[in-house]
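Below you'll find the structure, written out as structure tokens, and then a few comments.
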Amino acid sequence: GRNAFMKIAVIGTGVVGLTTGAGFADLGHSVLCVDIDAAKIAQLSKGLVPYYEPGLQELVTRNLDAGRLQFGGAPSHALRDAELLFVAVGTPTDDHGEMSLASLWSVIDRLEPWTGDSVKMIAIKSTVPVGTADRVEARLRSRLPEECLVDVASVPEFMREGSAVRDFFDPSRIVIGVASPETGARLELLHRRLPGGIIVTDRRSSELAKLASNAFLAVKISYANEMAALAEQTGADYPSVAKIMGHDPRIGPLFLNAGLGFGGSCLPKDTRALVRLADEAGAPQTLVAAAVRANVMLPLRTVRKLEAALSDPGRRKVALLGLAFKPGTDDMREAPSLRLAAELLRRNPGVRLTAYDPAAGEAARKLLPGAVKICATAEEALTGADAAIIVTEWREFRLFQAEDFKKWMNRPIIIDGRNSLDSEALNAQGVVCIGAGRLPAI
Ligand code: UGA
């Protein structure tokens, strides 16, 4: 068959861009990663990944050493040698759901003309409003000289933080949204060594499928959380309810866990953007809008639970365990812990807060109110505490025994916000453990 070797450039060295770049290098392609953040590129050139993502450091080191992966160079020249440019820059959304394409346009509008007669490809990996690929192509074609041939594709990313490397090599699906069959065929060839079905479609469907998938996950989580609240109010046990629902293959067992809600760099911002986009398009997404509203209430609900379990919280010491938006990452973006800490302090002036996270402690220090004491270990955070809230379900918290909590804490009351502990066993051994969607033990 045709040789699938490609020269690829990637703009944006966040989790998506860097994993994509290093991943394709590992598959034998020649990859140049660029970023406007010179400090980040300087670090990466030395082989240092500036954030925590399992397996990514090893992947980068291996391919840097092999010479297949390089860092640096001007973003404006990204298409000089490469035939394909992945754009994986951030597209943050403000509180009103306005998705900023400033980084995307700054990349597109600065691209210098190139020479040579092959068609260059730009594949947009960033999550963007429907119609963005069309606009990018129109803008490039009106600005660049006619001999600079370019095709724009939408190749959305479905990898999760914390398992980005695994997801790159074993994707749930590969979506290629194109306007030309030739570009579709070239991008299919590039992805053919990865398992998982390849779906070639038009660019707008590809763009909407990405937003629709994240929004569906958000709806599923908010549904779980509202049902968990109903279980609490009616004396049912939500984990049992979820297990029973999950046995129906049409529902499925995944993403039904109740907790403090969805956070991170994608679900919150993509749902807000979809709601706004849908309103503007005249097809309001009432379910997604409700899922966003329900999500915002959860930290306050957890604070109320703590207040019900602990008298006079303003005079107590409370430990927060887990701060990152989910386990396996040091990412604090839209982490429920931030709202939780703020609500706790607002409603209970005087409460002393300690906090611990296996990876996100340093990142959290800059974001949490100054009154929160970030600790180096869970034991330190728990020592002398009157209650603890498990905010993020890191594996390490599951290893604690009732004896540990009783030894360290002043009063062993645990609000297990993610149902990560064996609450029955703990309750039987004298630790008050209150799960999400579960009845408090008497
Ligand atoms: C999400 C999607 O899962 C990816 O498919 C997508 O590629 C990515 O966004 C993106 O658009 O880039 P991610 O943000 O890494 O990935 O996080 P998830 O694993 O989806 O978790 C999102 C949030 O939902 C977390 O705060 C997690 O704690 C919460 N969650 C998840 C629950 O509260 N309950 C669940 O049952 C599952």
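The values are calculated or read from the model by the stated rules, or taken from the named source; none is laboratory data. Worth saying up front: this structure is predicted, and the values here are computed from it rather than measured. No Cβ is skipped: glycine too gets one built from the backbone with ideal geometry, and neighbour counts run over all protein chains shown.
Could you pull out every one of the helices (runs of 4 or more DSSP H) wholly within segment 213-319 that has 1 or more residues that are in the same structural domain as Pro349 (by TED's automatic domain parsing) and closer than 23 Å to Ala342 by Cα? Spell out the reasoning first.
On the way: elements: 238-246, 267-281, 286-309.
Qualifying helices (runs of 4 or more DSSP H): 267-281, 286-309.
Looking only at segment 217-227, how many residues end up being of a type in the set (A, V, I, L, M) and more than 10 Å from the ligand (Cβ to nearest atom)? Walk me through it before giving the result.
Restricting attention to segment 217-227, the residues satisfying the condition of being of a type in the set (A, V, I, L, M) are 217-219, 221, 224, 227.
Narrowing the set further to residues that are more than 10 Å from the ligand (Cβ to nearest atom) leaves 219, 227.
Number satisfying all stated conditions: 2.
Output yes when any residue across segment 82-91 is among the hydroxyl-bearing types (Ser, Thr, Tyr), within 27 Å of Asp26 (Cβ to Cβ), in contact with a Leu (Cβ under 8 Å, 6 or more places away or on another chain) and assigned to a loop (DSSP other than H, G, I, E, B), and no when none is.
Initial filter on segment 82-91 (among the hydroxyl-bearing types (Ser, Thr, Tyr)): 91.
In the following step, the residues that additionally are within 27 Å of Asp26 (Cβ to Cβ) were identified as 91.
After this cut, where a residue has to be in contact with a Leu (Cβ under 8 Å, 6 or more places away or on another chain) as well, the list is 91.
Pick out the ones that are also assigned to a loop (DSSP other than H, G, I, E, B) and you get 91.
Yes, there is a match, as at least one residue in segment 82-91 is among the hydroxyl-bearing types (Ser, Thr, Tyr), within 27 Å of Asp26 (Cβ to Cβ), in contact with a Leu (Cβ under 8 Å, 6 or more places away or on another chain) and assigned to a loop (DSSP other than H, G, I, E, B).
Could you please let me know if Ala364 is farther than 18 Å from Asn295 by Cβ and within 16 Å of the ligand (Cβ to nearest atom)? Please lay out each step first, then the result.
Details: farther than 18 Å from Asn295 by Cβ: yes; within 16 Å of the ligand (Cβ to nearest atom): yes.
Yes; evaluated as a whole, the condition is true for this residue.
Can you pull out every residue in segment 431-442 that is modelled with pLDDT of 95 or more and either over 25 Å from Met297 (Cα atoms) or of a type in the set (Val, Ile, Thr) (or both)?
Taking segment 431-442 as the starting set, the residues that turn out to be modelled with pLDDT of 95 or more are 431-437.
Selection gives Val431, Val432, Ile434.
Outside the structural domain of Ala123 (by TED's automatic domain parsing), acidic (Asp, Glu) and either surrounded by 15 or more Cβ atoms within 10 Å (Cβ to Cβ) or within 23 Å of the chain's Cα centre (by Cα) (or both): which single residue out of Glu188, Glu207 fits that description?
On the way: Glu188 fails: outside the structural domain of Ala123 (by TED's automatic domain parsing).
Within the list Glu188, Glu207, the selection yields Glu207.
Among the residues of segment 424-442, count how many are touching a residue at least 60 places away in the same chain (Cβ under 8 Å), within 26 Å of Gly263 (Cβ to Cβ) and not in a loop (DSSP other than H, G, I, E, B). Break it down stepwise before answering.
Within segment 424-442, the subset touching a residue at least 60 places away in the same chain (Cβ under 8 Å) is 432, 434-440.
Subsequent filtering for residues that are within 26 Å of Gly263 (Cβ to Cβ) retains 434-438, 440.
Add one more test, that the residue is not in a loop (DSSP other than H, G, I, E, B), and what stays is 434.
Within segment 424-442, residues that are touching a residue at least 60 places away in the same chain (Cβ under 8 Å), within 26 Å of Gly263 (Cβ to Cβ) and not in a loop (DSSP other than H, G, I, E, B) number 1.
Looking at segment 372-408, which of its residues are part of a loop (DSSP other than H, G, I, E, B) and either farther than 24 Å from Arg346 by Cβ or modelled with pLDDT under 95 (or both)?
Ala376, Thr377, Thr383, Glu393, Trp394, Phe400, Gln401
Among the candidates Leu421, Leu344, which residue alone is modelled with pLDDT of 95 or more, part of a loop (DSSP other than H, G, I, E, B), under 25 Å from Arg301 (Cβ atoms) and among the hydrophobic types (A, V, I, L, M, F, W, C)? Explain how you work it out, then say what you get.
Values: Leu344 fails: part of a loop (DSSP other than H, G, I, E, B).
Among Leu421, Leu344, only Leu421 is modelled with pLDDT of 95 or more, part of a loop (DSSP other than H, G, I, E, B), under 25 Å from Arg301 (Cβ atoms) and among the hydrophobic types (A, V, I, L, M, F, W, C).
(1) surrounded by 16 or more Cβ atoms within 10 Å (Cβ to Cβ); (2) within 12 Å of the ligand (Cβ to nearest atom): which one isn't true of Arg272, the others all being true?
Of the numbered conditions (1) surrounded by 16 or more Cβ atoms within 10 Å (Cβ to Cβ); (2) within 12 Å of the ligand (Cβ to nearest atom), the odd one out for Arg272 is (2).
Every residue in segment 21-48 that is assigned to a helix (DSSP H, G or I) and under 21 Å from Arg110 (Cβ atoms), please.
We begin by selecting, within segment 21-48, every residue assigned to a helix (DSSP H, G or I); these are 21-26, 38-45.
Within segment 21-48, Gly21, Ala38, Ala39, Lys40, Ile41, Ala42, Leu44 qualify.
Hey, could you check segment 151-169 for residues that are more than 13 Å from the ligand (Cβ to nearest atom) and not polar (S, T, N, Q) and say which is farthest from Ala123 (Cα to Cα)? Show your work before the answer.
Kept after step one, since they are more than 13 Å from the ligand (Cβ to nearest atom), are these residues of segment 151-169: 151-154, 169.
Filter once more, so that each one left must be not polar (S, T, N, Q): 151-153, 169.
Working: Asp151: 9, Val152: 6, Ala153: 5, Phe169: 18 Å.
Step by step, filter segment 151-169, then rank; the result is Phe169.
Okay, residues lined up against (1) among the aliphatic types (A, V, I, L, M); (2) within 29 Å of the chain's Cα centre (by Cα); (3) not in a loop (DSSP other than H, G, I, E, B):
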| position | (1), (2), (3) |
| --- | --- |
| Val60 | yes, yes, yes |
| Gln70 | no, yes, yes |
| Ser76 | no, yes, yes |
| His96 | no, yes, no |
| Ser118 | no, no, no |
| Ala123 | yes, yes, yes |
| Val130 | yes, yes, no |
| Arg135 | no, yes, yes |
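Does segment 165-174 include one or more residues that are in a loop (DSSP other than H, G, I, E, B), at negative phi and among the acidic types (Asp, Glu)?
Yes: one or more hits.
Out of (1) within 16 Å of the ligand (Cβ to nearest atom); (2) over 30 Å from Arg438 (Cα atoms); (3) part of a helix (DSSP H, G or I), what's the single condition that is false for Thr183?
Exception for Thr183: condition (1).
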